[in-house]
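One structure is given below, encoded as structure tokens.
The values are calculated or read from the model by the stated rules, or taken from the named source; none is laboratory data. The shown structure was predicted, so the numbers you read here are calculated from the model rather than taken from an experiment. For neighbour counting, all protein chains shown are included, and Cβ atoms are generated from backbone atoms with ideal geometry for every residue, glycine included. Each accessible area value is taken on the protein alone, full model and side chains, heavy atoms only, with ligands, DNA and RNA left out. Shrake-Rupley method; radii C 1.70, N 1.55, O 1.52, S 1.80 Å.
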Amino acid sequence: MRWSQFFIPTLREVPADAEVVSHRLLLRAGMVRQLSAGIYSYLPLAQRVIRKIQRILREEMESIGGQEFFLPALNPREIWEETGRWAVMGDNMFRLKDRKGADLCLGMTHEEVFTGIARHELRSYKQLPQVWYQIQTKFRDEARPKSGVLRVRQFIMKDAYSFDVDAAGLDKSFNDQRAAYQRIFDRCGLKYAIVEASSGAMGGSASNEFMVKTDAGEDSIATCESCGYAANLEKATSRLAAISDDTMPGTNAPEEFPTPGVRTIEDLTTFPGGAAANRQIKTLVFIATNEAGENQPVLALLRGDHQLHETKLADAVGAIAVRAAHPEEIRELLGANAGSLGGVRAKEIAQASGRELRIVADQALRNRRGMTTGANRDEHHLRGVDVERDIMVDSWADLRTVASGENCPNCEAGTLAVFKALEVGHIFKLGTKYSASMGARVLNQDGKEVPLVMGSFGIGVERIMAAAIELHHDADGIIWPRAIAPFDVVVTVTNTKQPEMVATGEKLYHNLRRAGLETLLDDRDERAGVKFKDADLIGIPYRITVGKKITDNAVELFDRAKKESIDVNLDDIIARVQSLALAGR
Ligand code: ATP
Ligand code: MG
């Protein structure tokens, strides 16, 4: 490509509303333009990167037996009703009607459609395993589209689905995908952690996320340097030092006492006759929604100095979503304000107003006694609470958010560090959730009909592109990992008024392309400084500078990542760049 004819609308200014680095650089490098909130156009330079990522995805999917499909983005309501996800997907699903009034949606993911094909076509274990995938556009009406192309409402996903006859088959398919994902991210130049994650609305038993550590991410992960433990904060646990209640006076029942002005855990720590935060019970009211769309109030109890993780709560009660109850809902349920709530007698109080309250307590409250908590009466608390004696806990669960510096749950010596991270890929063991609800069954070795055992595996194409920028950039611009760079090399003719330089540039351009290298020839009538700046900004791994040195039969080879130039003889330059570029693919 000749830069003079190639559309790269670079910007000098940093766009004011772009906060994350990848967003700023994608705009400045002339790669993307926003059409509307969370909707972007990809310009030619971005499209080249996207195609390279897609090629890697295809190669790695095919290396594990993946077969490429292309399913419709436009889906009828009926197939989503079969799995209950027409309701479950809520506001995230884009919905529309056709001219006859029938309901349709734009696909957010394709478990339903793939399972629909499997149920009609797969009959026997002899046809298994099947690994099906596609690279296709997904639509999600995200609540907060942001950070450029990191969270958009229309994006490209490689989604794969595996179909096996049993759990052992799924294990193999899952491990194959996991290994393929590692190769994909390695090839794309991403450093990542593989973490345990919640399966959320997808269902199923196990899931791993591929997380790139970057402040641009919206997730948090906890990792242990010592043993390699890594988990999404929605799953991470830690080992807590035990607290002894031996010195606490024994009581026969909780004792109520007035606490005027006390609204928070913190308030009670300084209130005369109050309690340290780790001797208090934090009481939170949530409304949990299940798959059928039913709402139930839930009381979540934690140690006073601990923070709730909402996803853990949702997982603990089998909800697809939880939200904090509004002050009026809390008052209706327990007859007190949020600052005076507690688990003691909470079920009875709720029942009196005809409501079924579920109580979930965090594991750190097990066997605790001599605790202080709200009395469900404004400005009153209870002391001497023995959690197991006095509170009708329905279930115990890990509800707590771990914090940096806590002990690793997996090894003796390590401590946890918590990082911001960006999810680039997510692999699930779905099991039979979709095949059972949709009736996708095959005959197994014993001639018995069993539901297909499924996995589902997703990667966001734009997320890879943007994550690569988040990890690889400097003050001058993008530094593309070689395998996904839009071009292998740019040939910069420093002075287009010099016929010899132009001729050398043209010859190099021709020969580099003949050698199989994707080459951009900067033949623009611009100052050399401008050309260098633009080349740095768009981040091509290698630049060959054609300047005065051609009189010595030499050009400069500039390495964008190392920011080093060396002089190379014109006779050697092609082979040199070829070996560098090929090593990166
Ligand atoms: P997130 O937690 O970030 O919303 P998700 O769990 O909804 O992601 P999946 O449904 O597992 O994501 O989708 C698979 C992959 O698709 C993700 O790992 C991510 O790379 C990409 N992806 C998901 N949502 C978006 C989005 N709104 N914009 C861009 N890429 C996305
Ligand atoms: Mg999402």
message = Against the definition (at pLDDT 95 or above, closer than 30 Å to Leu582 by Cβ, within 16 Å of ligand 2 (Cβ to nearest atom) and not small (Gly, Ala, Ser)), how does Val461 come out, yes or no?
response = yes
Selected residue (only one of Arg144, Arg151 is within 16 Å of ligand 2 (Cβ to nearest atom), touching a residue at least 24 places away in the same chain (Cβ under 8 Å) and closer than 26 Å to Met31 by Cα) = Arg151
note = Within the range 123-148, residues farther than 23 Å from Leu71 by Cα and either of a type outside the set (Lys, Arg) or within 12 Å of ligand 1 (Cβ to nearest atom) (or both) come out as Ser124, Tyr125, Ala143, Arg144, Pro145, Lys146, Ser147, Gly148
Residue list for the range 319-353, filter: open to solvent by less than 70 Å² (accessible area, probe 1.4 Å) and either free of Cβ contacts under 8 Å to residues at least 12 places away in the same chain or of a type in the set (Ser, Thr, Tyr) (or both) = Ser340, Ser353
ask   = Is it the case that the range 191-214 has a residue that's closer than 27 Å to Ile479 by Cβ, of a type in the set (S, T, N, Q), in a helix (DSSP H, G or I) and modelled with pLDDT of 95 or more?
value = no
query = What is the one condition in (1) of a type in the set (Lys, Arg); (2) within 15 Å of ligand 1 (Cβ to nearest atom); (3) open to solvent by 30 Å² or more (accessible area, probe 1.4 Å) that Lys172 does not satisfy?
reply = (2)
message = Going through Asp215, Asp246 one at a time, which residue ends up being farther than 25 Å from Glu19 by Cα and acidic (Asp, Glu)?
response = Asp246
note = With the first residue restricted to the range 520-548 and required to be over 23 Å from Gln578 (Cβ atoms), and the second required to be among the small types (Gly, Ala, Ser) and outside any loop (DSSP other than H, G, I, E, B), Cβ contacts under 6 Å at 6 or more apart or on different chains are Leu537/Gly477
task = Scan the range 191-203 and give yes if some residue there is closer than 20 Å to Val20 by Cα, out of contact with any Cys (no Cβ under 6 Å at 6 or more places or on another chain) and in contact (Cβ under 8 Å) with a residue 12 or more places away in the chain, otherwise no.
result = yes
ask   = Which condition breaks for Asn295 when tested against (1) of a type in the set (S, T, N, Q); (2) open to solvent by less than 70 Å² (accessible area, probe 1.4 Å); (3) under 25 Å from Ala350 (Cβ atoms)?
value = (2)
